[in-house]
Amino acid sequence: QVQLVESGGGLVQAGGSLRLSCAASGHTFSAYVMAWFRQAQGKEREFVAAISRSGDVIQYANSVKGRFTISRDNAKNTVYLQMSSLKPEDTAVYHCAADFGGRVRSEEYVYERWGQGTQVTVSS
């Protein structure tokens, strides 16, 4: 099964940008729908974005639409989250997740593999 490791988090000022990466081990990365979720302190984990196995279907949460871009490179076994126009309310631990053979969905229960997360902090 695929193992996921996120990177790219950090501290950024409001209005700034960050790019998160999620590297997957294994040889079946292209068989997984990939997604990003985030969890702010004291809040439930929430859906951010998801991308289909080939990258042709993408879904975003309304709160990030127009500011965040999810993409994937199956040759590099990596999924990305480009975040722009960041706001303090984007502060959270960001997790990538994988669903084998599924379709793009926002419900976290469908994703069976999870990374440990990377912290994003946006200062005002």
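By average Cβ neighbour count within 10 Å, what is the ranking of 93-101, 35-43 from highest down?
Ranking the peptides 93-101, 35-43 by packing returns 93-101, 35-43.
Run through every distinct alpha carbon pair of the chain and return the Kirkwood hydrodynamic radius in angstroms, one decimal place.
Evaluated over the chain, this radius sits at 14.1 Å.
Please list, or write none, the lysines whose alpha carbon is within less than 24 Å of the alpha carbon of residue 43, excluding same-chain residues fewer than 8 places away.
Cross-link targets: 65, 87.
Can you give the accessible area of residue 91, probe radius 1.4 Å, in Å² rounded to 10?
Approximately 40 Å² for this residue.
For the stretch 71-124, what are Rg and Dmax over the alpha carbons, in angstrom?
Final numbers for Rg and Dmax: 13.2, 40 Å.
What accessible area, in Å² to the nearest ten, does a 1.4 Å probe give for residue 123?
Counting only protein heavy atoms, the figure is 40 Å².
When only the heavy atoms of the protein chains count and the probe is 1.4 Å, how do 90, 73 rank by accessible area, highest first?
From most accessible down to least: 73, 90.
The values are calculated or read from the model by the stated rules, or taken from the named source; none is laboratory data. Just so it is clear, the structure is predicted and the values come from calculations on it, not from any experiment. Note that we place each Cβ from the backbone using ideal geometry, even for glycine, and neighbour counts take in every protein chain shown. Areas reflect the complete protein model, heavy atoms only, side chains present, ligands, DNA and RNA absent. Shrake-Rupley method; radii C 1.70, N 1.55, O 1.52, S 1.80 Å.
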